[in-house]
1. Out of everything in segment 31-46 that is outside any loop (DSSP other than H, G, I, E, B) and of a type outside the set (A, V, I, L, M, F, W, C), what residue ends up being farthest from Pro20 (Cα to Cα)?
2. Identify the residue in segment 47-65 that is among the basic types (Lys, Arg) and in a strand (DSSP E or B) and, among all such residues, is farthest from Thr34 (Cα to Cα).
Amino acid sequence: MGVDQTRTENDYQRRERTVPTYHYRCKNCGYDFTEEQSFDDAPITICPKCEQEQVRKVFSAVPIEFKGHGFYRTDGASSSSKSGK
(Lines give C-alpha, C1' and ligand atoms only; values in the text may rest on other atoms or scores of the structure.)
Protein backbone atom coordinates (compact mmCIF):
# COMPACT_ATOMS: atom_id res chain seq x y z
CA MET A 1 0.00 0.00 0.00
CA GLY A 2 1.64 3.24 -1.12
CA VAL A 3 1.17 6.87 -0.16
CA ASP A 4 -1.45 8.74 -2.18
CA GLN A 5 0.95 11.00 -4.12
CA THR A 6 -1.82 13.34 -5.40
CA ARG A 7 -3.03 14.14 -1.91
CA THR A 8 0.52 14.72 -0.67
CA GLU A 9 1.30 17.12 -3.55
CA ASN A 10 -2.00 19.02 -3.12
CA ASP A 11 -1.43 19.43 0.62
CA TYR A 12 2.10 20.67 -0.02
CA GLN A 13 0.91 23.17 -2.65
CA ARG A 14 -1.84 24.47 -0.35
CA ARG A 15 0.67 25.05 2.46
CA GLU A 16 3.01 26.85 0.07
CA ARG A 17 0.26 29.31 -0.95
CA THR A 18 -0.86 30.05 2.60
CA VAL A 19 0.61 33.32 3.84
CA PRO A 20 -0.40 35.51 6.79
CA THR A 21 -2.67 38.51 6.29
CA TYR A 22 -1.53 41.70 8.02
CA HIS A 23 -3.65 44.71 8.93
CA TYR A 24 -2.12 48.14 8.30
CA ARG A 25 -3.23 51.73 8.95
CA CYS A 26 -1.70 55.00 7.77
CA LYS A 27 -1.10 57.50 10.59
CA ASN A 28 -1.19 60.37 8.09
CA CYS A 29 -4.47 59.83 6.18
CA GLY A 30 -6.09 57.01 8.18
CA TYR A 31 -6.21 54.60 5.23
CA ASP A 32 -6.94 51.10 6.57
CA PHE A 33 -5.97 48.02 4.53
CA THR A 34 -4.89 44.39 4.72
CA GLU A 35 -2.11 42.72 2.81
CA GLU A 36 -1.08 39.08 2.38
CA GLN A 37 2.66 38.82 2.95
CA SER A 38 5.20 36.10 3.47
CA PHE A 39 7.11 36.00 6.74
CA ASP A 40 10.20 36.95 4.74
CA ASP A 41 8.64 40.13 3.27
CA ALA A 42 9.51 43.49 4.80
CA PRO A 43 6.62 45.32 6.49
CA ILE A 44 4.82 47.94 4.43
CA THR A 45 5.80 51.47 5.50
CA ILE A 46 4.57 53.66 2.61
CA CYS A 47 0.84 54.34 2.28
CA PRO A 48 -0.60 53.28 -1.10
CA LYS A 49 -3.11 56.16 -0.91
CA CYS A 50 -1.19 59.24 0.28
CA GLU A 51 2.34 57.86 -0.39
CA GLN A 52 3.65 59.02 3.01
CA GLU A 53 5.91 56.83 5.13
CA GLN A 54 3.39 56.64 7.99
CA VAL A 55 2.00 53.09 7.73
CA ARG A 56 2.04 50.90 10.84
CA LYS A 57 0.81 47.37 11.53
CA VAL A 58 -2.41 47.16 13.53
CA PHE A 59 -2.41 44.44 16.20
CA SER A 60 -5.58 43.07 17.73
CA ALA A 61 -6.49 40.34 20.18
CA VAL A 62 -6.98 36.89 18.70
CA PRO A 63 -10.19 35.22 19.83
CA ILE A 64 -9.74 31.82 21.45
CA GLU A 65 -12.25 29.28 22.65
CA PHE A 66 -11.49 26.65 25.28
CA LYS A 67 -13.27 23.37 24.62
CA GLY A 68 -13.12 20.18 26.59
CA HIS A 69 -12.35 19.15 30.13
CA GLY A 70 -9.84 20.87 32.41
CA PHE A 71 -10.09 24.56 31.56
CA TYR A 72 -12.17 25.73 34.50
CA ARG A 73 -11.49 25.67 38.28
CA THR A 74 -14.63 23.65 38.88
CA ASP A 75 -13.78 20.88 36.37
CA GLY A 76 -13.27 17.60 38.18
CA ALA A 77 -13.62 19.10 41.66
CA SER A 78 -15.82 17.23 44.09
CA SER A 79 -18.38 19.09 46.18
CA SER A 80 -16.39 18.50 49.40
CA SER A 81 -13.20 20.00 47.96
CA LYS A 82 -15.10 23.12 46.85
CA SER A 83 -16.27 23.89 50.38
CA GLY A 84 -12.77 23.47 51.81
CA LYS A 85 -13.51 20.38 53.99
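1. Looking at the filtered set, the residue picked out is Asp32.
2. So, considering only residues that are among the basic types (Lys, Arg) and in a strand (DSSP E or B), the one farthest from Thr34 (Cα to Cα) is Arg56.
To keep it simple, each residue is scored yes or no on (1) modelled with pLDDT of 90 or more; (2) surrounded by 10 or more Cβ atoms within 10 Å (Cβ to Cβ); (3) more than 24 Å from the chain's Cα centre (by Cα).
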position	(1), (2), (3)
Gln5	no, no, yes
Glu16	no, no, no
Arg25	yes, yes, no
Phe39	no, no, no
Ile44	yes, yes, no
Cys47	yes, yes, no
Phe66	no, no, no
Lys82	no, yes, yes
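The values are calculated or read from the model by the stated rules, or taken from the named source; none is laboratory data. Not measured: the values here are computed from a predicted model. Reconstructed Cβ throughout: ideal geometry from the backbone, glycine too, with neighbour counts over all protein chains shown.
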